[in-house]
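Below: the structure, in C-alpha cells.
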Amino acid sequence: MKSENIKYKWLFFWYLMVCLSGLYEVQLHFNKRNLFQEYQTIVSETQKIEMEWRELQLDYSALTSGQKIGLTAKDKASMKLPDSRKINLLSKDEEN
C-alpha cells in the first residue's frame, strides 16, 4: 500500500512538472511575441528618423549652396539680379 502511494506521488509530481513547464513555455512564447512587436516598432521609428535625417541633410546642403537663398529671394521678395550694364564698381581707394 505504501509503495503504491509513493508511485502516485511521483506520478503527480511529474504531472505537475509537465504542466508547469508547459505554462512556462507558453509564457516564453508570449514574451517573445511582445518583444518582437516592440522590435518592429523600434525598427520602423528608426527608419523614419533616418529618412528625416536625410531630408535635413539635403535641405542643409541646398541652403549652404546658395540655391535656396536665391530661390527664396526671387519668390518671396521678388528680387532679381540687376542689369550688368547698370552695375558700377567702386574701389576702396577711389574717391568719387
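Residues checked against (1) surrounded by fewer than 10 Cβ atoms within 10 Å (Cβ to Cβ); (2) touching a Gly at 6+ places or on another chain (Cβ under 8 Å); (3) of a type in the set (V, I, T):
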{"site": "T46", "(1), (2), (3)": "no, no, yes"}
{"site": "L63", "(1), (2), (3)": "no, no, no"}
{"site": "I69", "(1), (2), (3)": "no, no, yes"}
{"site": "A73", "(1), (2), (3)": "no, no, no"}
{"site": "L81", "(1), (2), (3)": "yes, no, no"}
{"site": "R85", "(1), (2), (3)": "yes, no, no"}
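Can G70 be described as of a type outside the set (S, T, Y) and at positive phi? When the stated conditions are applied, G70 does not pass them.
If I ask for residues that are of a type in the set (S, T, Y) and in a loop (DSSP other than H, G, I, E, B), which ones from the range 46-82 would you list?
S78
Say whether the condition of being exposed (fewer than 10 other Cβ atoms within 10 Å of the Cβ), assigned to a helix (DSSP H, G or I), more than 39 Å from the chain's Cα centre (by Cα) and not aromatic (F, W, Y) is met by at least one residue in the range 88-95. No, that holds for no residue. For the range 8-21, the criterion of being at pLDDT below 95 and among the basic types (K, R) is satisfied by at least one residue.
The values are calculated or read from the model by the stated rules, or taken from the named source; none is laboratory data. Everything numeric here is computed off the predicted structure, so don't read it as measured data. Note that we place each Cβ from the backbone using ideal geometry, even for glycine, and neighbour counts take in every protein chain shown.
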